[in-house]
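Below: the structure, in structure tokens.
The values are calculated or read from the model by the stated rules, or taken from the named source; none is laboratory data. All values derive from a computational prediction rather than experimental measurement. Don't worry about glycine lacking a Cβ; one is built from the backbone with ideal geometry, like all the others, and counts go over all protein chains shown. All accessible areas refer to the heavy atoms of the entire protein, side chains included, with ligands and DNA or RNA removed. Shrake-Rupley method; radii C 1.70, N 1.55, O 1.52, S 1.80 Å.
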Amino acid sequence: MAELVLIAEDDLEIAGILEAYFTREGFRTVHARDGQVALELHRSLKPDIVLADVTMPRLDGWEVLAEIQRRGRTPVIMVTALDEDADRLQGLRIGADDYIVKPFNPIEVVARAKAVLRRAGLSQTGAMIRVGRLTMDLDSYQARIEKNGSSTPLSLTLTEFRLLAHLARTPTKAFTRGELVDACLPGSDALDRTIDSHLSKLRKKLEQAGGEGMLTSIRGIGYRLAVEA
């Protein structure tokens, strides 16, 4: 079945343009005129990706993004007229997968949505990753830390899961921040401090689950995941 795109946009003209272009490319679409309806449709329809305008009635795009992040790992692209670095950084820190500024070319929006879906499509590999105490199931987007006979699940955002999976595929390799951006957040204009923020939160979650010392920063280079911790 074709991927379902939830378009959360209060401007009917813009929403109609996006729906037409996504439909032409073989996607299914559903439209929400405000943030509250967007979250209701997200819960009931479980879309594959969400395009969320920042300035919507009832609940704004940031609130929609935060709630979707709490629920799981649906990719979210923020679509907004706000072109400030602070707004872009806020979206990426919360967990947005991309940030598109109006006015935009709808062809580019579809292309970037496809790129986000490809990056999120780890389930297509059907693979398991095991590194030291860490086990990752790429089919179900689940990660766990095994320690002293117990198994503790990790509650990760989609970005955190992607970063951890990328590091775990080549354990002991030191990745630069630029390499992590290119592999896990391409096209997002993510800054070094954005990657640092994601990995700082990821390190805390690993440590709380019993994975102390697994994620380390390499001075002057970037980050590495340890084989044994």
- [ ] Please indicate, with yes or no, whether at least one residue in the stretch 36-47 is out of contact with any strand residue (DSSP E or B) (no Cβ under 9 Å at 6 or more places or on another chain), modelled with pLDDT of 95 or more, open to solvent by 30 Å² or more (accessible area, probe 1.4 Å) and over 15 Å from residue 113 (Cβ atoms).
- [x] yes
Open item on the list: Just checking, does the stretch 181-188 include any residue being polar (S, T, N, Q), outside any strand (DSSP E or B) and either open to solvent by 40 Å² or more (accessible area, probe 1.4 Å) or modelled with pLDDT of 90 or more (or both)?
Closed with: no
- [ ] Report, ordered by the first and then the second residue, all pairs with beta carbons closer than 9 Å, sequence separation of six or more or different chains, a first member in the stretch 55-82 that is touching a residue at least 60 places away in the same chain (Cβ under 8 Å) and closer than 13 Å to residue 97 by Cβ, and a second member that is charged (D, E, K, R) and open to solvent by less than 50 Å² (accessible area, probe 1.4 Å).
- [x] 75/97; 75/98; 75/119; 79/9; 79/53; 79/102
Task: Every residue from the stretch 140-180 that is assigned to a loop (DSSP other than H, G, I, E, B), modelled with pLDDT of 85 or more and either polar (S, T, N, Q) or crowded, with 17+ Cβ neighbours inside 10 Å (or both) - done: 154, 155, 156, 157
Task: Within the stretch 97-108, considering residues that are among the aliphatic types (A, V, I, L, M) and farther than 22 Å from residue 183 by Cβ, the one most open to solvent (accessible area, probe 1.4 Å) - done: 107
